[in-house]
Amino acid sequence: MRKMDEMEMQISLISIKWAWFYTVIFLFVWSIVNFINTRETSIPFILLISQNLIFLGLQTYLKWKLGKDEE
């Protein structure tokens, strides 16, 4: 397995971002439809919230860690 070059890495990151965005929209719509039908929160809603909390938490931590290493 060879290491990706910069162009392949950029293509991969863009693909990951679009796949993440699609998943967020899909889970959001599924959660809304499920809430309208049952009037209670469901697994898709919990997954949507926890996924975004982990994403934002890791992004904040890694920015802080990389900023600390640069000093």
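The values are calculated or read from the model by the stated rules, or taken from the named source; none is laboratory data. Owing to the predicted nature of the structure, the values given are computational and were not obtained by experimental measurement. Reconstructed Cβ throughout: ideal geometry from the backbone, glycine too, with neighbour counts over all protein chains shown. Surface areas here come from the heavy atoms of the whole protein model, side chains and all, with no ligands, DNA or RNA. Shrake-Rupley method; radii C 1.70, N 1.55, O 1.52, S 1.80 Å.
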Out of [x] 8.9; [y] 6.9; [z] 4.3, which label holds the value of mean projected area of the Cα convex hull in nm² that was computed here? [y]
As I understand it, the dipole of the chain uses +1 on the Cβ of Lys and Arg and -1 on the Cβ of Asp and Glu, about the Cα centre. Which of SER42, VAL29, LEU53 lies farthest toward its positive end? SER42
Can you give the angle from 0 to 90° between the axis of helix 6-38 and the longest principal axis of the chain, with both taken from C-alpha atoms, to the nearest 10? 10 degrees
To the nearest Å², the heavy-atom accessible area per residue of the chain with 1.4 Å probe amounts to 93 Å²
